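First up is the structure itself, then whatever we jot down about it.
The values are calculated or read from the model by the stated rules, or taken from the named source; none is laboratory data. Owing to the predicted nature of the structure, the values given are computational and were not obtained by experimental measurement. Neighbour counts run over all protein chains shown; Cβ positions are idealised from the backbone, glycine included. All accessible areas refer to the heavy atoms of the entire protein, side chains included, with ligands and DNA or RNA removed. Shrake-Rupley method; radii C 1.70, N 1.55, O 1.52, S 1.80 Å.
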Amino acid sequence: MSQHTDTIVKMVLDSGRDGPHILLLSGVHGDEYEPMIVNHRLYQQLKGQIVRGRITFVPNGNETAYQSASRYGTDGLDLARICPGNRTGTCSEQSAYLVSELIKTADYLIDMHTGGVLYDIFPLAGYGLHTNPDVLNQQRRMALSYGLPLVWGTDPRPDGRTLSVARDAGIPAIYLEYGGGTGFRSYVVDAYVAGTLNLLRQLGMIAGEWIKPAPEKVFWIEDARQDSGFLQGKMPSPADGIYLADARVGQQIEKGAKWGRLANPVTGTTTDLFADESGLVFLMRNTVKVGEGDALGGILPITQPGKVTIDEEGNATKEPEVDFTSVFR
Ligand SMILES: [Zn+2]
């Protein structure tokens, strides 16, 4: 089925004065609802409040994915893998094209997500480790300004993402992840709204003092290893089965500790699952029935607040007492 999407629904608040153009994007994945509500709430709340620059709000980036309550559009495509899309392609390709064209007009991109139906995710702001140090530092500043407990810089090389469109255009960009599963989490909305307002204050786009992030509360990891940010590749399930998780998002776990079990409903046999790394459990699969190779969850190698930097070869450097002043210079 091909649906033609010549425009994308967007709202704009313009101060009428010079300043940055922010693109606040949600609905790239159609089963991630809290960010859609964030977009509308901020649009209402910020009317008449912006003192410089402008904000473009795109609440529903992939219409057919929302209509099918799915990560994927009705063409089966994931918008976050096909950017910059195709103006005359399938429905998701057209949405990817329109989103990508909008990104190129922005000075900052904020792409809001959740774990969707499949995952629960620890609150995080993420970005690619951009090769331009100025862009990278602006992304660090944006991510830290959200005040979420996890800040995650990853391999910037994967293509097809909204962030890779921004990367190629030299536009600072971050994405947000928090929660997921069935049901609606108003605390995710509250956290994203508060973080966006803080970023806007930090950028001088709305009045008020911005709140500096507290280094002693932030788990900050920058991991340059290949595909370090690829969630769907984490902890592949060894078999089909019924997934019984013991680990919980937000906990610390030791490598080799019990992660959960996989039960076979036909034979009744169970297989124990163990943590493949020590650190913070930041990702957990929500669905009970899993297939072989499905990502069951993820651990980040950070055990306390502060910063961990991992180079391409996997060598880690820890800074327990991290100073944010160089980022907010
Ligand atoms: Zn998503």
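Tabulated data
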| read-out | value |
| --- | --- |
| Selection within segment 80-95 - without any contact (Cβ under 8 Å) to a residue 60 or more places away in the chain and under 15 Å from the mean Cα position of the chain (by Cα) | none |
| Residue list for segment 274-311, filter: buried (at least 16 other Cβ atoms within 10 Å of the Cβ), over 25 Å from Gly241 (Cβ atoms) and in contact (Cβ under 8 Å) with a residue 60 or more places away in the chain | Leu280, Leu300, Pro301, Ile302, Pro305, Gly306, Lys307, Val308, Thr309, Ile310 |
| Residue ID - farthest from the ligand (Cβ to nearest atom), chosen from residues in segment 159-204 that are closer than 28 Å to Ser92 by Cβ, open to solvent by 30 Å² or more (accessible area, probe 1.4 Å) and among the small types (Gly, Ala, Ser) | Gly170 |
| Hey, Tyr127 closer than 16 Å to Tyr178 by Cβ and within 14 Å of the ligand (Cβ to nearest atom) or not | no |
| Selection count where residues are touching a residue at least 12 places away in the same chain (Cβ under 8 Å), closer than 16 Å to Phe328 by Cβ and assigned to a loop (DSSP other than H, G, I, E, B), scope segment 206-232 | 5 |
| In segment 63-92, residue nearest to the ligand (Cβ to nearest atom) [restricted to those that are crowded, with 22+ Cβ neighbours inside 10 Å and part of a helix (DSSP H, G or I)] | Ala80 |
| Considering residues of segment 233-273 that are within 30 Å of Val322 (Cα to Cα) and touching a residue at least 40 places away in the same chain (Cβ under 8 Å) only, the residue most open to solvent (accessible area, probe 1.4 Å) | Gln252 |
| Close pairs (7 angstrom Cβ cut-off, 6 or more residues apart or separate chains): open to solvent by 10 Å² or more (accessible area, probe 1.4 Å) in segment 96-118, aromatic (Phe, Trp, Tyr) and within 16 Å of the ligand (Cβ to nearest atom) anywhere | His113/Tyr175 |
| Test: residue in segment 37-58 that is more than 22 Å from Ile22 (Cα to Cα), open to solvent by 10 Å² or more (accessible area, probe 1.4 Å) and outside any strand (DSSP E or B) | no |
